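What follows is a short report on a single structure.
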Amino acid sequence: MSDLEQTAVKRIRLAAKMSQQYYQEPLLICNSGGKDSLVLLAIAKAAGIKYEMVHSHTTADAPETVRYVRRQIYELECAGIKTEIHYPVYKGKRTSMWALIPQKLMPPTRFARYCCKILKETTENHRYIATGVRASESKGRADSAEFETRTSRKADKGRFSYEHTAEVFSEAQTLPDVYDCQLITACKKHKQVSVLPIVDWTDEDIWNYIRSERLKYNPLYDYGYAFDRVGCIGCPLASRKKRLAEFAKHPAYKNMYIRAFDRCIARRKALGKHGVTDNKDWSTGAKMFDWWMEDKNLEGQVAFEGVKSEGSGLQN
Ligand code: SF4
């Protein structure tokens with residue numbers, strides 16, 4: 001086992017113990033269908049821990065990803081691992097990217113990223129989770145730590161090293177009423193706590209591990225440049241070049257966006273909110289799509305690749 005793998009195993013084992021101790025539930029592994037989640041699942045297997053897997057069905061994922069995750073679920077269930085798919089819900093009803101766009105009265109953009117909150121960030125608040133987040137992915141993730149508590153205010157997020165976590169966990173067992181820290185308090189209150197076992201891995205580390213362990217990765221990665229990251233088709237955080245390549249491969253998604261934009265415009269008109277569009281040509285769904293695809297619509301809605309962007313919703 002390499003040093004990297006050993007360290008990741010150590011982290012995930014500690015998290016699994018804490019999850020059982022405080023939540024009386026196995027560690028929950030978040031699987032997006034991307035390469036980081038794949039490595040995370042392999043690390044959990046290598047660690048020999050008890051875990052469960054959850055996948056958020058965004059409704060805008062590529063068909064390849066949906067089929068790939070389905071296959072993973074089948075294999076995990078055959079191995080006795082509990083799996084769950086979260087279907088998005090908005091205002092108490094099942095929803096999708098295509099239903100949300102008219103409801104929100106505008107397309108999702110880099111700065112109006114309502115879709116991530118509703119379609120992707122669906123994991124329960126009362127579980128200890130493991131994610132494949134890596135610090136090298138983006139500027140927004142650069143300060144990620146091995147263990148984190150999740151709060152609605154980003155500024156309040158607690159970040160903890162393995163050493164600190166191991167120490168307070170051990171102390172809290174022997175001095176439960178005396179010794180405490182933000183992390184243990186969060187666990188005791190069943191708040192969402194996460195472990196990031198591969199937080200310090202690079203892209204190269206990930207691919208080396210996938211190759212050395214002969215892991216079956218999402219076939220989308222074999223489609224080249226535009227599919228170096230797996231996520232929603234047409235995600236506004238990606239570059240125009242990448243999005244054009246995605247829509248060229250998946251033209252049905254372009255049509256679904258255009259139809260959703262048509263419904264969005266109709267709803268805006270019905271509510272009397274279509275008057276001012278800041279010189280944007282939103283006369284038809286197709287025009288709205290063209291606007292949406294332009295790099296310069298909004299400051300920052302430019303190339304993702306090579307840009308250290310804040311809070312990417314793309315998945316590796
Ligand atoms: S990954 Fe992109 S398109 Fe998908 S939900 Fe997040 S912001 Fe929206």
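Would you mind working out the magnitude of the charge dipole of the chain relative to its Cα centre, with +1 at each Lys and Arg C-beta and -1 at each Asp and Glu C-beta, to the nearest 20 Debye?
1540
Before anything else, pin down the relative contact order of the chain: Cα pairs under 8 Å, at least 6 apart, normalised by residue count, whole percent.
With pairs under 8 Å counted, the relative contact order is 23 percent.
Taking 30 Å as the cut-off for C-alpha to C-alpha distance, list the pairs among Lys82/Lys104; Lys50/Lys93; Lys45/Lys254; Lys50/Lys188; Lys117/Lys287; Lys82/Lys254 that go past it.
As for pairs spanning more than 30 Å Cα to Cα, those are Lys82/Lys104; Lys50/Lys93; Lys45/Lys254; Lys82/Lys254.
Output ³J(HN,Hα) for the stretch 254-264: one whole-Hz value per residue in order, computed from phi by the Karplus curve 6.51 cos²θ - 1.76 cosθ + 1.60 with θ = phi - 60°, and x for Gly and Pro.
4, 5, 5, 5, 4, 5, 5, 5, 4, 5, 5
Give the order of Trp292, Trp98 when sorted by the count of other beta carbons within 10 angstrom, beginning with the fewest.
Exposure proxy ranking, most exposed first: Trp98, Trp292.
So what J values fall out for the stretch 23-34 if you push phi through Karplus, 6.51 cos²θ - 1.76 cosθ + 1.60 with θ = phi - 60°, rounded to Hz, Gly and Pro as x?
Each residue of the stretch 23-34 in turn: 10, 6, 9, x, 4, 9, 9, 8, 10, 8, x, x Hz.
Apply the Karplus parameterisation 6.51 cos²θ - 1.76 cosθ + 1.60, with θ equal to phi minus 60°, to every residue of the stretch 183-189 and state each ³J(HN,Hα) to the nearest whole Hz, in sequence, with x for glycine and proline.
5, 5, 4, 4, 4, 5, 8
Compute the Rg/Rh shape ratio of the chain: radius of gyration over Kirkwood radius, all on alpha-carbon atoms.
With Rh from the inverse mean 1/r over Cα pairs, Rg/Rh is 1.00.
Read-outs throughout are calculated quantities, based only on the coordinates presented, and are distinct from any laboratory measurement. If you're wondering where the values come from, they're calculated on a predicted model, not measured in any experiment. Methodologically, a virtual Cβ is constructed for each residue, glycine included, from the backbone with ideal geometry; neighbour enumeration extends over all protein chains shown.
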